[in-house]
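Worksheet: the structure to be examined is printed underneath.
We did not get these values from a lab; they are worked out from the coordinates using the rules stated. Because the structure is predicted, anything quoted here is derived from the model rather than measured. Methodologically, a virtual Cβ is constructed for each residue, glycine included, from the backbone with ideal geometry; neighbour enumeration extends over all protein chains shown.
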Amino acid sequence: METRPSAPPGLLGSFRLLASGVLGSIQDRLELLAVELHEEKFRLVQVFLWISAVVFTAMLAVTFASLTVVYLFWTSARLAVLGGLTALYTGALVVIMVTFRRYLARQPRPFAATLGELRQDRACIRAES
């Protein structure tokens with residue numbers, strides 16, 4: 001079995017080891033960033049599809065329910081029903097907006113793992129100085 005000779009000790013060998021370590025660390029961080037980018041893209045597409053489906057079906061349901069209610073009260077309380085439906089939909093919109101903002105606030109920060117690794121790298125470099 002053949003063994004490779006180790007790098008010659010000295011300034012050039014130390015520089016090569018340092019450059020290799022830095023490049024390896026940069027490569028690891030870039031790979032982690034690429035994985036997180038892929039995950040964020042997938043999550044964003046998934047959220048967009050869910051929101052689109054919910055909005056489409058909700059609009060159909062609301063439209064037909066409203067038409068049915070207005071038709072039932074066409075002769076007796078047409079304006080009162082239209083005003084009540086408007087108030088109901090406005091209230092529902094406010095509740096949905098508040099709930100969605102809370103949902104967004106609970107989501108993890110994008111690229112949190114990459115940023116954490118970079119913080120650890122900086123802490124290690126500062127500790128060695």
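The sole residue among 86, 114 that is surrounded by 10 or more Cβ atoms within 10 Å (Cβ to Cβ) and in contact (Cβ under 8 Å) with a residue 24 or more places away in the chain is 114.
Residue 15 falls short on exactly one of the conditions (1) among the aromatic types (Phe, Trp, Tyr); (2) farther than 30 Å from residue 120 by Cβ; (3) without any contact (Cβ under 8 Å) to a residue 12 or more places away in the chain; (4) part of a helix (DSSP H, G or I), and that condition is (2).
The residues in segment 61-119 that are of a type outside the set (Ser, Thr, Tyr) and touching a Lys or Arg at 6+ places or on another chain (Cβ under 8 Å) can be counted, and the count is 4.
Return a yes/no flag: does segment 94-105 have any residue that is of a type in the set (A, V, I, L, M), without any contact (Cβ under 8 Å) to a residue 60 or more places away in the chain and surrounded by 13 or more Cβ atoms within 10 Å (Cβ to Cβ). No, segment 94-105 contains no residue that is of a type in the set (A, V, I, L, M), without any contact (Cβ under 8 Å) to a residue 60 or more places away in the chain and surrounded by 13 or more Cβ atoms within 10 Å (Cβ to Cβ).
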